[in-house]
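Report on the following structure.
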Amino acid sequence: MDFLIITGLSGAGKSRAADVLEDLDYYCVDNLPVALMPKFAELCIATGGRYEKVALVTDVRAKNGFDELLKTLDQLKDMNCACRILYMDADVPTIVKRYKETRRPHPLAKRGGSIEEAVYQEMDLLAPIRERADFIVNSSTLTLGQLQSRLFELIAPAGAKRQLEVTVEAFGFKHGIPLDADLVFDVRFLPNPYYLEELRPLTGLDRPVAQYVFDSNDARSFMAKVEDLLDFLLPLYVEEGKLSLLVAVGCTGGRHRSVAIAAALTEYLKAKGISAENVNRDIKK
């Protein structure tokens, strides 16, 4: 079992790091007391492999926190758990700014004392654990996407690649645009199979409808341009830290043209090794 302990300065991004690790298939628990870690590990082991990767956000500012954590690490290793420490760091001006923005008090700030003094005090308290950390990430200048990239480089298995999950959804404009769409393409300019009696009862998943749609030069040109756009955009979305993308393709009713185009786009992405799923929201309406 892989145990990753997330600690570090208050305001340096421990909870945000846990959110990122959830996307790397870690089971994350926030603010777990150090003393409970061995018992929690026992519970995870008892599940028989259900929780193979666990990330625990913990606070070791207590007087004996460092010694207690070292003792706990030894206990976890005796239980055949691989234990690593991720220390989240940031410079003092950044942490002060974050606390001013959130209007929350620093946990070590005394009445009448400054946030800056509290941060320096916490740095001194956590210096021993920082020295023992397997990974140190300074979040001062990192965007969320950059933080995701940095943690992926450090934590993910060697050779692993970040995957963007793409959903290509066909819809009908008369039923409304999908609220969570990232990209929306309107294909109502294409010839409409609805006006042919033999095609009206069918959908874009049926070969006669798909052939009718792609017999149009405009459809083939449209596909080429959208494919080129996706080839350009998807690597940039991954670099920015996006993990899922919803591409919405709409026609009037969501049964014919959009369904045929969405299916073709999904097959194109799969052929390029991209994880893609086809959804036809309004096909039965």
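Tabulated results
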item	result
Check: the chain dipole with +1 on Lys, Arg Cβ and -1 on Asp, Glu Cβ, in debye	580 debye
Where the Cα pairs of the chain fall when distances are cut into 10 Å bins, in %	6, 23, 21, 17, 15, 12, 5, 1
The chain: angle of helix 115-132 to the longest principal axis, Cα-based, in degrees nearest 10	90 degrees
Positive dipole terminus of the chain, leading residue within GLY172, LEU73, VAL226 (C-beta point charges)	GLY172
Mean-position separation - Cα centroids, region 241-263 and region 31-46, in angstrom	44 Å
Reachable aspartates and glutamates, given that their alpha-carbon falls under 17 Å from the alpha-carbon of LYS71 and they are not under 8 places away in the same chain	GLU42, ASP59, GLU131, ASP134
Degrees separating the helix 37-46 axis from the principal Cα axis of the chain, which is the longest one	40 degrees
Those lysines that a straight Cα-Cα span of less than 23 Å connects to LYS97, excepting residues fewer than 8 apart in one chain	LYS14, LYS110
Quarter of the Cα convex hull surface for region 192-285, i.e. its orientation-mean projected area (nm²)	6.3 nm²
Region 2-155: mean projected area of Cα convex hull, nm²	9.0 nm²
Partners for LYS272 among lysines (Cα-Cα distance below 30 Å; same-chain residues under 8 apart left out)	LYS53, LYS161, LYS225, LYS242, LYS284
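Values in this text are rule-based calculations from the coordinates and carry no lab data. It should be emphasised that the depicted structure is a prediction, and the values quoted were computed from it without experimental measurement. Cβ atoms come from the backbone with ideal geometry, glycine included; neighbour counts cover every protein chain shown.
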